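Peer 1: Before we start, here is the structure in question, set down as structure tokens.
The values are calculated or read from the model by the stated rules, or taken from the named source; none is laboratory data. Just so it is clear, the model here is predicted, and its values are computed rather than measured. Neighbour counts run over all protein chains shown; Cβ positions are idealised from the backbone, glycine included.
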Amino acid sequence: MTESTNRVVETQVLIVGAGPVGLTLALDLGRRSVRCTLIERSATSIQLPKMERCNARTMEIYRRLGIAERVRDAGLPRNAPMDVFLALSLTDPPLAHLPCPSVAEATAEIAARNDGGLLEPYQLISQYTLEPLLRSIAETLPSVNVRFGCELISFTQDTSSVTAVVQSVDSADETIRASYLVGCDGGSSTVRKQLGIPLQGEGNIRKLRQALFRCDDLYERIPMGKGRHYHIAEGPLFPFIILQDSTRHWTLHAAASSDGEMAEIFKKSLAMPIAFEMLSVNEWTQHLLCAEHYGEGRVFVAGDAAHLVIPTGGLGMNTGVGDAIDLSWKLAATLAGWGGPQLLASYEAERRPIGLRNVKASRAAMTGRLGWRAAYKPNVRDNTPEGAATRARMAALFDIQQRKVTEILGIEAGYRYVDSPIIWPEPGDGPDPDNPHYIPTTWPGARLPHVWLSDGLALHDRLGLGFTLLRLGGTHADTSSLEQSFRELHAPLDLLDAPAERAREIYQYDLLLVRPDLHVVWRGNKLPHDAAKIAAVATGRLSTRV
Ligand SMILES: Cc1cc2nc3c(=O)[nH]c(=O)nc-3n(C[C@H](O)[C@H](O)[C@H](O)COP(=O)(O)OP(=O)(O)OC[C@H]3O[C@@H](n4cnc5c(N)ncnc54)[C@H](O)[C@@H]3O)c2cc1C
């Protein structure tokens, strides 16, 4: 029997759940020297394959955290193609083929262009590789305490703190007192449930099985070529095979009726004599849900605790990483004393619309996939004109519809905090924030587009932990009033002169105020007479909402 202890641990932020979102939050709070405790009820990181693709925006965020190259080193080799195929089996010729650049090719393309695109390309890395990596880095940060085998049981909050009861494998109940608590505790979030926040949308849409296989030789032997996704045009199960980062492991998704059936489906889809081992099978359920609120008082939810999407389009973890990076600097600023009351309140105002939007985009991606699958007919393998017509129709629809899954950079990186109370409002509607194609913009609320400077450095890499006032095109505009306002608020502001013409062309203005998370607060060619108001809005002391 374990003994109950009355130990009270004090921390600034208690993070519940060491999935990719909780870990990313811990990493960003850690680099801001915020004391935080990250608790995870499991004794080890995830063993199952779930996500496998960090999108370009997540990789930009990991670059800012200084870990992008470590993520790439642990993930799929940089020169591996990321192509997507539709075929009758892995040995048949493809019916459709969507080439997608390898990381090495995409990186070379980014280096050669200076058009305001993304600074980093995507990276395939299995969740069971990413989580232990993020954990090992978090454990090196002096202000971060990572505790696996420690479960949140309950919590209460008052106006100054949150008191949580946790249970560890090696002791009974323990109390952790924190200034703030963030539930990154996944779809069945204890934190969200204890706050009584309902999920809105469509739950329990469909059950699927996912199996993980080890098949060492397959990667080199697929006649149609190397890729990351292989869709098998065989209804009604529509097996879907995904390459994992080692190139020796593969997952299979299929609407199989039993675990045992998964090995048979895999074998049939390979259609070649090759040894493989099935390592695990699990069932998972598709949902399209978003929480009605992203928190209450001193308690917040992020990641799958706040939104659940269908993985088609890869907007699950990636949306959660965006939540973490929005919340992190606001927590740090509030704890440091310069963040005003609007700052933490703006987390829900900024991120919930993105959650809803990405649930919608995930639905569109899934609808696209169902679109080409609907063209399936049992004659798909027949060597007849009718069979050929079925194959041609599936291929044509695949070519159009599958792009709703693979070509949505605008959804991944073009999100904008429309109507945020801490973004300076600009008259007009602004560019379409839901455009699936990424169009660089500095409209307030948008992520700052990437620009190469004349010294070959990325402007993003020159931005520090606080706010930055960018002075572009060699402007001589007087910025002293804004600098003075930030000083009076004790809020960190760096000045960065970037005289390069290209930066001025892409950003379109002489002056840009950029937040710690790289979203634009304000832009103009000269400061207005009430620059103090811009500083007050940016730091959450004044709301733009009346
Ligand atoms: C088949 C599949 C494929 C996917 N592919 C992609 C993809 O390519 N790209 C993408 O972006 N997303 C993808 N996703 C979604 C992605 O896996 C999730 O969005 C992601 O895991 C969410 O991260 P999270 O940290 O919010 O939550 P989780 O990963 O669920 O982590 C929550 C953690 O909290 C812990 N926890 C729960 N309750 C407590 C408690 N009371 N106390 C302490 N700890 C607790 C859990 O043990 C868990 O470790 C996929 C999902 C599936 C199922």
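One line per residue, one yes/no per condition, for (1) small (G, A, S); (2) surrounded by 24 or more Cβ atoms within 10 Å (Cβ to Cβ):
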site	(1), (2)
H287	no, no
D323	no, yes
L331	no, yes
Q342	no, no
A345	yes, no
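Peer 1: I want to confirm something. Restricting to the stretch 272-307 and keeping residues that are charged (D, E, K, R) and not in a strand (DSSP E or B), which single residue is nearest to S362 (Cα to Cα)?
Peer 2: Filtering first and then ranking leaves D304.
Peer 1: Oh, and also: Out of (1) touching a residue at least 40 places away in the same chain (Cβ under 8 Å); (2) within 24 Å of G117 (Cβ to Cβ), what's the single condition that is false for D510?
Peer 2: Among (1) touching a residue at least 40 places away in the same chain (Cβ under 8 Å); (2) within 24 Å of G117 (Cβ to Cβ), D510 violates only (1).
Peer 1: Also, quick follow-up: Select from the stretch 531-546 the residues that are more than 18 Å from D419 (Cβ to Cβ) and polar (S, T, N, Q) and list them in ascending order.
Peer 2: Listed by number, the list holds a single entry, T539.
Peer 1: Suppose the filter is more than 12 Å from the ligand (Cβ to nearest atom) and in contact (Cβ under 8 Å) with a residue 24 or more places away in the chain; does S143 pass it?
Peer 2: On the way: more than 12 Å from the ligand (Cβ to nearest atom): yes; in contact (Cβ under 8 Å) with a residue 24 or more places away in the chain: yes.
So S143 passes the test.
Peer 1: Scan the stretch 289-315 for residues that are closer than 24 Å to L29 by Cβ, surrounded by 23 or more Cβ atoms within 10 Å (Cβ to Cβ) and not aliphatic (A, V, I, L, M) and jot them down.
Peer 2: Y294, G295, F300, G303, D304, H307
Peer 1: When you scan the stretch 60-73, do you find a residue that is within 14 Å of D245 (Cβ to Cβ), touching a residue at least 24 places away in the same chain (Cβ under 8 Å), of a type in the set (A, V, I, L, M) and touching a strand residue (DSSP E or B) at 6+ places or on another chain (Cβ under 9 Å), even just one? Don't jump to the end; show me each part of the working.
Peer 2: Within the stretch 60-73, the subset within 14 Å of D245 (Cβ to Cβ) is 70-73.
Going one step further and asking which of them are touching a residue at least 24 places away in the same chain (Cβ under 8 Å), we end up with 70-72.
Keeping just the survivors that are of a type in the set (A, V, I, L, M) gives 71.
Then drop every residue that is not touching a strand residue (DSSP E or B) at 6+ places or on another chain (Cβ under 9 Å), which leaves 71.
Scanning the stretch 60-73 turns up at least one residue that is within 14 Å of D245 (Cβ to Cβ), touching a residue at least 24 places away in the same chain (Cβ under 8 Å), of a type in the set (A, V, I, L, M) and touching a strand residue (DSSP E or B) at 6+ places or on another chain (Cβ under 9 Å).
Peer 1: Another question about this same structure. Considering every residue within the stretch 477-489, establish whether at least one is in contact with a Gly (Cβ under 7 Å, 6 or more places away or on another chain), buried (at least 17 other Cβ atoms within 10 Å of the Cβ) and within 28 Å of A324 (Cα to Cα).
Peer 2: no
Peer 1: Take the residues in the stretch 200-217 that are outside any strand (DSSP E or B) and surrounded by 14 or more Cβ atoms within 10 Å (Cβ to Cβ); name whichever of them is farthest from the ligand (Cβ to nearest atom).
Peer 2: Of everything passing the filter in the stretch 200-217, D216 is farthest from the ligand (Cβ to nearest atom).
Peer 1: I've got another one for you. Six or more apart or on different chains, Cβ atoms under 6 Å: show the pairs whose first residue is in the stretch 40-56 and free of Cβ contacts under 8 Å to residues at least 60 places away in the same chain and part of a loop (DSSP other than H, G, I, E, B) and whose second is among the hydroxyl-bearing types (S, T, Y) and more than 6 Å from the ligand (Cβ to nearest atom).
Peer 2: Cβ pairs passing all conditions: none.
Peer 1: Quick check: is even one residue across the stretch 2-24 aliphatic (A, V, I, L, M), within 28 Å of N282 (Cβ to Cβ), more than 10 Å from the ligand (Cβ to nearest atom) and touching a residue at least 24 places away in the same chain (Cβ under 8 Å)?
Peer 2: No, the stretch 2-24 contains no residue that is aliphatic (A, V, I, L, M), within 28 Å of N282 (Cβ to Cβ), more than 10 Å from the ligand (Cβ to nearest atom) and touching a residue at least 24 places away in the same chain (Cβ under 8 Å).
Peer 1: Further question on the same structure: When I197 is evaluated against the numbered criteria (1) closer than 30 Å to L288 by Cβ; (2) within 16 Å of the ligand (Cβ to nearest atom); (3) not in a loop (DSSP other than H, G, I, E, B); (4) not aromatic (F, W, Y), which criterion, by number, is the only one it fails?
Peer 2: I197 satisfies all of (1) closer than 30 Å to L288 by Cβ; (2) within 16 Å of the ligand (Cβ to nearest atom); (3) not in a loop (DSSP other than H, G, I, E, B); (4) not aromatic (F, W, Y) except (3).
Peer 1: Give the stretch 493-503 a look and list any residue that's surrounded by 19 or more Cβ atoms within 10 Å (Cβ to Cβ) and either at pLDDT 95 or above or in a helix (DSSP H, G or I) (or both), or say none.
Peer 2: Selection gives L493, A503.
Peer 1: Could you check the stretch 466-489 and list, in sequence order, the residues that are over 31 Å from the mean Cα position of the chain (by Cα) and within 25 Å of A332 (Cβ to Cβ)?
Peer 2: Narrowing the stretch 466-489 to residues over 31 Å from the mean Cα position of the chain (by Cα): 473-485, 487-489.
The answer is T479, L482, E483, Q484, S485, R487, E488, L489.
Peer 1: I'd like to know if the stretch 72-81 contains one or more residues that are surrounded by fewer than 23 Cβ atoms within 10 Å (Cβ to Cβ) and touching a Phe, Trp or Tyr at 6+ places or on another chain (Cβ under 6 Å).
Peer 2: no
Peer 1: So, one more: Of (1) among the hydroxyl-bearing types (S, T, Y); (2) farther than 30 Å from K330 by Cα; (3) crowded, with 18+ Cβ neighbours inside 10 Å, T384 satisfies all except one. Which?
Peer 2: Looking at each condition in turn, T384 falls short on (3).
Peer 1: Hey, does the stretch 278-300 have a residue that's in contact (Cβ under 8 Å) with a residue 60 or more places away in the chain, under 21 Å from D259 (Cα atoms) and away from the ligand (no atom under 14 Å from the Cβ)?
Peer 2: For the stretch 278-300, residues in contact (Cβ under 8 Å) with a residue 60 or more places away in the chain, under 21 Å from D259 (Cα atoms) and away from the ligand (no atom under 14 Å from the Cβ): present.
Peer 1: Here's something else I'd like to know. Taking only the stretch 155-194 into account, find how many residues are more than 12 Å from the ligand (Cβ to nearest atom) and polar (S, T, N, Q).
Peer 2: The total comes to 9.
Peer 1: Give the residue, chosen from R70, R41, R57, R63, that is more than 16 Å from the ligand (Cβ to nearest atom) and touching an Asp or Glu at 6+ places or on another chain (Cβ under 6 Å).
Peer 2: R63
Peer 1: Please pick out the residue among E277, E283 that is of a type in the set (D, E) and over 26 Å from D304 (Cα atoms).
Peer 2: So the residue among E277, E283 that is of a type in the set (D, E) and over 26 Å from D304 (Cα atoms) is E277.
Peer 1: Can you tell me which residues in the stretch 167-207 are polar (S, T, N, Q) and in contact with a helix residue (DSSP H, G or I) (Cβ under 7 Å, 6 or more places away or on another chain)?
Peer 2: Passing the criteria: S179, S189.
Peer 1: Could I ask something else about it? Which of the numbered conditions does P77 fail, given that it passes all the others? Conditions: (1) modelled with pLDDT under 95; (2) in a loop (DSSP other than H, G, I, E, B).
Peer 2: (1)
Peer 1: Looking at the stretch 338-357 only, could you name the residues that are more than 20 Å from I534 (Cβ to Cβ) and either of a type in the set (D, E, K, R) or touching a His at 6+ places or on another chain (Cβ under 7 Å) (or both)?
Peer 2: Across the stretch 338-357, the qualifying residues are E348, R351, R352, G355, R357.
Peer 1: Moving to a separate point now. Considering only the stretch 330-430, give the helices (runs of 4 or more DSSP H) lying wholly within it that have at least 1 residues that are closer than 25 Å to L119 by Cα and touching a helix residue (DSSP H, G or I) at 6+ places or on another chain (Cβ under 6 Å).
Peer 2: Because the criterion is at least 1 residues that are closer than 25 Å to L119 by Cα and touching a helix residue (DSSP H, G or I) at 6+ places or on another chain (Cβ under 6 Å), the helices (runs of 4 or more DSSP H) in the stretch 330-430 that meet it are 341-373, 403-406, 409-413.
Peer 1: Give me the residue from the stretch 96-119 that is free of Cβ contacts under 8 Å to residues at least 40 places away in the same chain and of a type in the set (D, E, K, R) and, out of that set, farthest from V405 (Cα to Cα).
Peer 2: Across the stretch 96-119, the extreme among qualifying residues is R113.
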